[in-house]
Amino acid sequence: MLSPIQVLCSDITTLSLEPEPFASYTEADIISTVEFNHTGELLATGDKGGRVVIFQREPESKSEPFSQGEYNVYSTFQSHEPEFDYLKSLEIEEKINKIRWLPQQNAAHFLLSTNDKTIKLWKVSERDKRPEGYNLKDEEGRIKDISTVTSLQVPVLKPMDLMVEVSPRRVFANAHTYHINSISVNSDYETYMSADDLRINLWHLDITDRSFNIVDIKPANMEDLTEVITAAEFHPLHCNLFVYSSSKGTLRLCDMREAALCDKHSKLFEEPEDPSARSFFSEIISSVSDVKFSHSGRYLLTRDYLTAKVWDLNMESKPLETYQVHDYLRSKLCSLYENDCIFDKFECAWNGSDSVIMTGAYNNFFRMFDRNTKRDVTLEASRESSKPRAVLKPRRVCAAGGKRRKDDISVDSLDFTKKILHTAWHPNENIIAIAATNNLYIFQDKLNSEMH
């Protein structure tokens with residue numbers, strides 16, 4: 001069973017394994033994205049204040065066997081600043097919408113981060129030596145008077161304390177009229193795409209002044225607009241394929257070999273609507289908030305407001321599997337509409353072997369579904385229940401009017417301000433990262449290689 005190895009506070013100045021029970025936080029501290037790199041050794045989070053915090057996994061220690069798996073702060077930097085669009089009189093938030101790692105090619109790491117309008121490529125590198133013995137500079141770096149130089153020496157590299165340097169390498173700007181909701185690195189490792197509400201652009205990682213528009217669903221007359229793009233992702237193996245989801249609950253698989261502009265999809269994945277179940281909220285709750293290819297590239301995982309679905313790329317007519325995340329909220333849709341919670345965008349994640357899926361819910365609950373055994377579990381990421389190395393207890397929500405067992409939580413007592421929107425799963429191991437407001441929870445299954 002999963003047990004928490006850490007509870008990390010997003011405010012680096014107060015980082016600790018057990019934050020103060022009622023530590024205050026600001027809007028800027030709220031975590032807005034979580035992402036493991038391709039090896040799982042690094043974990044990056046972005047927040048509403050435009051900051052990126054990178055955590056590094058500690059190597060295994062013989063003297064402290066439990067320390068393996070713990071993540072400590074590796075680097076923190078300001079990725080984006082608030083801006084103002086003077087032409088449109090609009091403020092551009094600094095909030096980090098997405099982070100995507102590039103596969104490591106050398107000693108340095110590279111990642112992409114984006115806010116609503118601008119994408120940046122960052123280089124993260126280590127330095128543990130410094131050059132000394134310059135001929136034309138003194139120890140403080142000032143230029144010497146050449147007339148005072150009487151002999152020449154060969155500069156040498158001297159050891160120094162490890163320093164992590166983060167530097168911006170590229171800035172990709174001015175290509176999106178609407179808010180960027182997704183970025184995805186292609187499997188060719190040379191290109192990536194960025195998606196906003198109506199368009200998807202293809203970029204080369206070395207070229208910042210132009211991108212290619214590969215999807216444009218903007219109608220000639222904006223009054224004819226019926227849907228928007230909600231998420232997009234490249235296929236993990238085939239560099240010509242990508243998928244994007246819409247607010248109407250559809251998925252479109254596109255092949256860039258067919259045409260330069262992929263307005264005509266190769267496949268359309270759509271579940272036929274049950275007319276008897278139609279209501280005022282049907283279109284809102286069917287909007288897809290996240291789409292993820294499985295590691296094998298055979299399946300798609302999507303999340304809408306009430307369910308998570310697994311689609312087979314070879315079957316467009318209906319999902320292969322449908323999982324009810326919090327069906328007990330169906331009777332609460334009216335009040336959730338009034339407080340705007342119905343528009344919350346929950347993300348979803350696969351485990352490394354594509355056998356288990358994970359997604360968030362309210363009350364700091366998150367759900368896991370085993371695709372093989374069809375078992376599911378509800379767990380809670382909270383300071384009270386997540387003491388380091390304690391085993392997490394499954395939670396259960398009792399629907400309104402249902403039979404209530406001991407320790408069950410009534411649907412009426414759920415806290416809708418506490419929501420797990422952002423989750424990430426280690427690419428190879430059973431380690432998960434859960435963002436809950438300004439706290440990052442890292443859980444690890446110490447006992448089992450698969451979820452039970």
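Just one of the numbered conditions (1) at pLDDT 95 or above; (2) under 21 Å from Ala232 (Cα atoms) is not true of Glu283; which one? Failing condition for Glu283: (1). The set of residues in the range 396-436 being assigned to a loop (DSSP other than H, G, I, E, B) and modelled with pLDDT under 90 consists of Arg396, Ala399, Ala400, Gly401, Gly402, Lys403, Arg404, Arg405, Lys406, Asp407, Asp408. For the range 389-399, a tally of residues being open to solvent by 40 Å² or more (accessible area, probe 1.4 Å), in contact (Cβ under 8 Å) with a residue 40 or more places away in the chain and not basic (Lys, Arg) returns 2.
Every condition in (1) open to solvent by 30 Å² or more (accessible area, probe 1.4 Å); (2) within 18 Å of Ser245 (Cα to Cα); (3) of a type in the set (Phe, Trp, Tyr) is met by Phe280 except one, and the failing one is (2). Given the conditions (1) closer than 19 Å to Asp344 by Cβ; (2) at pLDDT below 90, report the number of the one that Arg278 does not fulfil. Among (1) closer than 19 Å to Asp344 by Cβ; (2) at pLDDT below 90, Arg278 violates only (1). Summed over the range 348-386, residues that are of a type outside the set (S, T, N, Q), open to solvent by less than 10 Å² (accessible area, probe 1.4 Å) and assigned to a loop (DSSP other than H, G, I, E, B) total 2. Taking the range 140-182, which residues are of a type in the set (Ser, Thr, Tyr) and under 22 Å from the mean Cα position of the chain (by Cα)? Those that are of a type in the set (Ser, Thr, Tyr) and under 22 Å from the mean Cα position of the chain (by Cα): Ser167, Tyr178, Ser182. Of all residues in the range 174-207, those being under 16 Å from Tyr244 (Cα atoms), of a type in the set (Asp, Glu) and surrounded by fewer than 18 Cβ atoms within 10 Å (Cβ to Cβ) number 0.
Assessment of the range 142-152 against the conditions (surrounded by 11 or more Cβ atoms within 10 Å (Cβ to Cβ) and without any contact (Cβ under 8 Å) to a residue 12 or more places away in the chain) yields at least one matching residue. Of everything listed in (1) under 18 Å from Lys98 (Cα atoms); (2) touching an Asp or Glu at 6+ places or on another chain (Cβ under 7 Å); (3) aliphatic (A, V, I, L, M), the single unmet condition for Val215 is (1).
Give Leu112, Leu102, Leu2 a once-over and let me know the one that is touching a Leu at 6+ places or on another chain (Cβ under 6 Å), closer than 23 Å to Ile431 by Cβ and modelled with pLDDT of 95 or more. Every option except Leu112 fails the conditions. For the range 423-435, filtering for residues that are open to solvent by 30 Å² or more (accessible area, probe 1.4 Å) and either closer than 17 Å to Lys292 by Cα or within 15 Å of the chain's Cα centre (by Cα) (or both) leaves 1.
Within the span defined as the range 111-134, one or more residues are of a type in the set (Ser, Thr, Tyr) and farther than 21 Å from Ser167 by Cβ.
Residue pairs whose Cβ atoms lie under 9 Å apart, separated by 6 or more positions or on different chains, with the first residue in the range 198-217 and farther than 12 Å from Asn174 by Cα and the second basic (Lys, Arg) and open to solvent by less than 50 Å² (accessible area, probe 1.4 Å), are Val215/Arg252.
This table checks each residue for (1) β-branched (Val, Ile, Thr); (2) under 19 Å from Phe234 (Cβ atoms); (3) open to solvent by less than 20 Å² (accessible area, probe 1.4 Å).
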position	(1), (2), (3)
Pro275	no, no, no
Ser287	no, no, no
Lys292	no, yes, no
Ser296	no, yes, no
Tyr299	no, yes, no
Thr307	yes, no, yes
Asp312	no, yes, yes
Met315	no, no, no
His326	no, no, yes
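Return yes when Asp161 is open to solvent by less than 60 Å² (accessible area, probe 1.4 Å) and among the acidic types (Asp, Glu) and no when it is not. Here the answer is no, as Asp161 does not meet what is asked. Taking the range 277-309 as the range and being touching a Ser or Thr at 6+ places or on another chain (Cβ under 8 Å) and among the aliphatic types (A, V, I, L, M) as the test, the residues that pass are Val288, Val291, Leu300, Leu301, Ala308.
The values are calculated or read from the model by the stated rules, or taken from the named source; none is laboratory data. Here the structure is a predicted model, which means the values were calculated and not measured. Cβ coordinates were reconstructed from backbone atoms using ideal geometry, including for glycine residues, and neighbour counts include every protein chain displayed. For accessibility, only protein heavy atoms count, side chains too; no ligands or nucleic acids. Shrake-Rupley method; radii C 1.70, N 1.55, O 1.52, S 1.80 Å.
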